[in-house]
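Inspection log for the structure reproduced underneath, given as C-alpha cells.
The values are calculated or read from the model by the stated rules, or taken from the named source; none is laboratory data. These figures come from a predicted structure and were not determined experimentally. Cβ sites come from the backbone with ideal geometry, for glycine too, and all protein chains shown count toward neighbours. What goes into the accessible areas is simple: the full protein's heavy atoms, side chains included, and nothing from ligands, DNA or RNA. Shrake-Rupley method; radii C 1.70, N 1.55, O 1.52, S 1.80 Å.
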Amino acid sequence: MNTQKYRPWIVLGFLIVPTTASAEVGPLKLQYDRPAAEWVEALPIGNGRLGAMVFGGTGSARFQFNDDTLFSGKPHDYAHPGAVKYLPVLRQLLFEGKQEEAHQLGNKEFMSINTHGDNRQEAYQPFGDLVLDFPDHEQFDSYRRELDINSAIASEEYVANGVTYRRESFVSYPDNAIVVRIEANRPGAITCRASLSSPHRETIVQGDGNDRLIMAGRVENGETRFEARLIVRATAGSVRVTDSNIELADADAATWILVGASSFVNFRDISGDPSTRNIETLDRIRKKTYDKLRADHVADYQKLFHRVVLDLGHSDQENLPTDTRLEHFGPEDPQLAALFFQYGRYLLIASSRPGSQPANLQGIWNESKTPPWESKWTININTQMNYWPAEMTNLSECHAPLFNVLKDLSQSGARVAEEHYGARGWVVHHNFDLWRGAAPINSADHGIWVTGGAWLCQHLWWHYQYTGDREFLANTAYPLMRDAALFFVDYLVEDPTSDEKWLISGPSNSPEREGLVMGPTMDHQIIRHLLTSTAEAAKELDIDPELQQQFSGMAARIAPNQIGSQGQLKEWHYMESPHTTHRHVSHLWGLHPGNEIDPRSTPELAEACRVTLRLRGDGGTGWSKAWKINFWARLLDGNHAYKMLAEALRGNTYPNLFDAHPPFQIDGNFGATAGIAEMLLQSHLGEIHLLPALPSAWPSGTVQGLRARGGFEVDIHWADGKLVHAKIQSLLGNPAKVRVANENKVRTFSTERGKSVIISVAHGAPPSPKRSCSF
C-alpha cells in the first residue's frame, strides 16, 4: 500500500527534535470495484497540458484525452469599436433608475463582437479517445480500479480466463506523453487492439506503415489543427499496424505511448506544426524503458505533492469504495476529508504546470464539443478559486500559467479599456477564452462587470507575499498591477448623491444578481484592494512615488462597506435585496479572499457577514459551498466550515470526487482544499494564525508543509482540540508574528533565513524561553 509519511516531533524538555520514525496517514487513493459507467466516474490524470479520463474496463478500456489548447474559433479581437460613446449614457440611465433601458442599450452597443453574433466566447474542445479492446475479457473476477494520488498513477486489476491482468496509466510532465502499461501473470497472455478516434468531423486515422498510428484533424467550428501519435512497445508477441488500429498479440507485457499536439502558438498565432512537435516528443523518449518513464514521472510529481502532509486520523472505512464513503461521509471518516484536501492538490498539479494554459472550468478534462459555459475561464469567482490553494498548499509553481495568461490579457484588455471606456491600462470582464476575449459577453445584465482582471491581480500580489520574489514583483506583477490600477483611476466616478463624494464603480453588477447597477460592493472591495496592494508594491520596489500617493488616496475615497436593514452586509451602494439563497455571495469578497473584514479588526462588518451567510443559507452549488467553507473559516467558526465541507462532499461531489455544480466544475475541488487549509492556518492579516478554525470533528491531527505569507513553511500538531507544537521555518528571514487558536495574544519572533521557530504548548509546565514560547 502506497502511503504518505509524516515525521512527528518528540518534545525533550522544551526542545522539539525531528525523529526518523514515520506514521501512515491512510491510503491516498480513490478506489472502486467496477469500471466507470459514465464520465464523472472515470479517473483524471494529467500533466498540465495533456489530460485523460481513465474509464477502465475489461473487454474494452477507454481513455478520453484532451489538449489544453484545443478550442473552437480562431484568433479574434472581441473589442467593440465605438462602445465608449455609450458609457456616459449607461451611467446616466442607471443613476435615473432606468435599468431595463440600460440593459437594452448595453446589449446593443457595448458587448463583444464575435463571429457568431451571439455575444459568447469560444469553447474548450475534446481531442479524442484511445480505446483498447481485449478479446475474451468480458467475463472477469476480482476487479479493482484506483487512482493513487501519492504517485499520480491510475490502475486497474482483474482476473479473466484464470489470468491476472494489471494496467497502469499516467501522464508524464517530463516526457509530455500519456503512458499505459499492461502486464499479466502468465507469459503470452496479452492480446489487444488499440484504436484512436475523435469527435471532430475533419479527422483522419491511419497507420504510418511502420510502428505508429496517427490521428490528425481540425477542430470543428474552428481553425486549430491537431495530431496524436500512438506507439506500442511489447515484450514478446507480435505487433501489427493497420490503417485503423494497432494489433498486439500474445505479448508478456506492453507499453502504449500516446502523444498529442495542436497548431496553437499563442492567442494570435495558430501556425504551429503538431506533427513536428509529436515527432520531436517521441524521438526524445524513444530509448526510455517503461520503468524509467514511470520513475521520472513519479519523481517529478512527488517533488510537488509530497511538500504537504495532512493527517486527520484513521477510519475503518478507508478500504471501502470511494463512492460508498461519499454517501456516508461524517466525522467517523476524517481520512476522507484529508483525501479530498490532497485530491485538490493532485488536480492542480495535473491541470496547471509551467508552460500550460491555466486550469479552466473543468481543469483540462472535457469530452463534449459543447461543454457547460464553454469550459473556458470564468473570472467572477471560478478561475480565481482554482488557484486559491496554489500558494498556501505549497504549489507555487502551479500558479505560473495564470500569471502568463495575465500578460496576454493585459494586451487584449488594453484594447477593451480604450474602445469601451476610453481609459488607460487594461480591463477584463467576467470571462475569457483561448483567444483572450476581454470584452463583456452574454448579456449586459451580468456581462458588464469590470473587475475580473483586477481580481486576478490579487494572485500576483499573493505570489509575492508568499515567496518574497522581488524579481517577479518588479518584472511581472507590478507592471500588470499598475496598469490594471490605472484603468480604475480613469474609470471610477464620484457619487453624486453623497456629500462625501465617494468614488463608485459602474456600470457594473454584483455577479449574476439583480442586473446592471452603479456601485456594487464587490467591485469596491476588489478595486480598493488592487489600488492599495499596487501602492504597497511600488513602495516595496521604491518606485513611482506619485502613483503610490494617487493609488492610496483613491483607495481611501472608494465607497465603504455598509450594513443593511437586516444587519447584513449591503451588496450594493444604492440598494439592498438581502433575502435570497443565490449561489454568489460576492459582496463578502472583503472577508475572503480579501482581507479588509475580520472578526477582530472589524467586528461589526464581520457580524454583518455572518448575518448575510445565515440569510443565504447553507445550500448552493458545489463551488458556492466551497466558498462558504472559506467564509466560515475566516469568521473563525470551524464547526460551520466543517458543516459546509460535509455538505459539499455528500451533496455536490461525483463518484470520482469531481465537484458537482452540477454539472461538473473543478473550482469546488480547489475551493474546498483551500478552505481546509484556512481552517488550519491563516496569514492574510500579517500574522501566522495557527488552528484559527479547527472543527470539533478533527480533535487530533498533523499538517506539515503549509505556507504562510511572509515566507514561512508551517508544521502543526494538535491533540484534544489544542495545539501541541508547531514548527515555523523562515524562508526569507522576516519576523514571525504568531497567534494560536482563539487567543488574543500575538507573539513576535525574530527569524533567520532557513531556520525554524519551534512553538510548544507544554500544558501545566513552564516553557524554556530559549527553546519555545508558551501560549
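Past 27 Å, Cα to Cα: identify those pairs from 643/722; 722/745; 376/539, in the order given. Among 643/722; 722/745; 376/539, the Cα-Cα distance tops 27 Å for 376/539. Here the scattering of the range 526-649 is modelled by Debye summation over its C-alpha atoms, one equal scatterer each and no solvent; at q = 0.17 Å⁻¹ the log10 of I(q)/I(0) is -0.88.
Of the residues 710, 672, 691, the one whose Cα sits farthest towards the positive end of the charge dipole of the range 658-732 is 710 (charges of +1 on Lys and Arg Cβ, -1 on Asp and Glu Cβ, taken about the Cα centre). Calculated translational diffusion coefficient of the range 339-468 (4 °C, 1.567 mPa s; Stokes-Einstein with Kirkwood radius over alpha-carbon pairs) equals 85 µm²/s.
Using just its DSSP H runs of length 4 or more, each adding -39500 (n - 2.57), the chain gives a mean residue ellipticity at 222 nm of -9000 deg cm²/dmol after division by all residues. Cα centroid separation, the range 389-464 to the range 284-334: 33 Å. Residue-wise HN-Hα couplings along the range 27-40, as the Karplus relation 6.51 cos²θ - 1.76 cosθ + 1.60 with θ = phi - 60° gives them from phi, are x, 8, 9, 8, 9, 8, 10, 7, x, 6, 8, 9, 4, 7 Hz; Gly and Pro carry x. Amide H contacts of residue 110: none lie under 5 Å away among residues 5 or more positions distant or on a separate chain (H built 1.01 Å from N in the peptide plane; Pro and chain starts excluded).
With the cut-off at 17 Å, report for the range 495-542 the share of all Cα pairs above it, as a whole percent.
On the way: 539 of 1128 pairs.
Result for the distance tail: 48 percent.
With a 1.4 Å probe and every protein chain left in place, work out the accessible area per residue of the chain in Å², rounded to a whole number.
Numbers: 26830 Å² over 775 residues.
Per-residue accessible area for the chain comes out at 35 Å².
Straight Cα distances below 12 angstrom link residue 407 to the aspartates and glutamates 483, with same-chain residues fewer than 8 positions distant left out. Here the range 706-740 and the range 484-537 have alpha carbon centers that stand 36 Å from each other.
Over the range 243-304, what lengths in whole Å, largest first, do the semi-axes of the equivalent ellipsoid take, defined as the square roots of 5 times the eigenvalues of the alpha-carbon gyration tensor? Kindly include the intermediate steps, with their values, before the conclusion.
Values: eigenvalues 146, 84, 18 Å².
Its equivalent ellipsoid spans semi-axes of 27, 21, 10 Å.
Across q = 0.15, 0.16 Å⁻¹, the range 199-282 modelled as identical point scatterers on its alpha-carbon atoms has Debye log10 I(q)/I(0) values of -0.60, -0.66, in the order of the q list. Over the range 412-520, the ratio between the Cα radius of gyration and 2.2 N^0.38 Å evaluates to 1.15.
Largest first and in whole Å, give the semi-axes of the range 450-608's equivalent ellipsoid, each being the square root of 5 times a Cα gyration tensor eigenvalue. Ellipsoid semi-axes (Å, largest first): 27, 17, 14. Stokes-Einstein D for the range 156-223 at 20 °C, 1.002 mPa s, Kirkwood Rh over Cα pairs, in µm²/s? Answer, rounded: 142 µm²/s.
Taking a cut-off of 29 Å between Cα atoms, list the lysines near residue 98, but don't count ones fewer than 8 places away on the same chain. Reachable lysines: 85, 108, 501, 570. Rounded to whole numbers, the Karplus 3J(HN,Hα) couplings from phi for the range 462-473 are 4, 4, 5, 4, 7, 9, x, 7, 6, 5, 4, 4 Hz, using 6.51 cos²θ - 1.76 cosθ + 1.60 with θ = phi - 60°, and x at Gly and Pro. Looking at the range 345-376, which trypsin sites (Lys or Arg not before Pro) are in a loop (DSSP not H, G, I, E or B) and have at most 13 other Cβ atoms within 10 Å? In loop regions of the range 345-376 (DSSP not H, G, I, E or B), there are no sparsely surrounded trypsin sites (Lys or Arg not before Pro). Within a straight-line Cα-Cα reach of under 17 Å, residue 74 can be paired with the following aspartates and glutamates, leaving aside sequence neighbours fewer than 8 residues apart in one chain: 118, 122, 202, 220, 223, 269, 273, 374, 408, 433.
With the charge dipole of the chain set up from +1 on Lys and Arg Cβ and -1 on Asp and Glu Cβ about the Cα centre, the Cα lying farthest toward the positive end among the listed residues 510, 734, 548 is that of 734. Our coupling estimate for the range 612-627, obtained by passing each phi through the Karplus curve with A = 6.51, B = -1.76, C = 1.60 and θ = phi - 60°, is 4, 5, 5, 5, 6, x, 9, x, x, 6, x, 5, 5, 5, 4, 5 Hz, Gly and Pro reported as x. The spread of Cα positions in the range 42-159, taken along each principal axis and listed from longest to shortest, comes to 73, 29, 26 Å.
Give the Rg/Rh ratio for the chain, taking Rg as the radius of gyration of the Cα atoms and Rh as the Kirkwood radius, to two decimals. Present the calculation step by step, with values, prior to reporting the outcome.
Values: Rg = 26.8 Å, Rh = 27.3 Å.
Ratio of gyration radius to Kirkwood radius: 0.98.
With +1 on each Lys and Arg Cβ and -1 on each Asp and Glu Cβ, how big is the dipole of the range 265-402 about its Cα centre, in debye rounded to the nearest 20? Could the numbers behind the result be given before it?
Working: 15 positive and 18 negative charges, 153 e Å.
It works out to roughly 740 debye.
Computed packing ranks the peptides 47-60, 227-240, 75-88 as 47-60, 227-240, 75-88, most packed first, by mean other Cβ atoms within 10 Å.
Once neighbouring chains are kept in place and the probe is 1.4 Å, which whole percent of the accessible area of the chain is contributed by carbon and sulfur?
Roughly 47 percent of what the probe reaches on the chain is carbon or sulfur.
A simple charge model with +1 on the Cβ of Lys and Arg, -1 on the Cβ of Asp and Glu and nothing else charged puts the dipole of the chain at about 1700 debye relative to its Cα centre. Sort out for me the Cα centre separation of the range 220-258 from the range 85-132, rounded to whole Å. The two parts, judged by their Cα centres, are 44 Å apart. Summing +1 for each Lys or Arg and -1 for each Asp or Glu, what net charge is found among the other residues whose Cβ lies under 13 Å from the Cβ of residue 468? That sum, taken over residues with Cβ under 13 Å, equals -1. Projecting the Cα positions of 161, 308, 375 onto the charge dipole of the chain (unit charges on Cβ atoms of Lys, Arg, Asp and Glu, taken about the Cα centre) puts 308 furthest along the positive direction.
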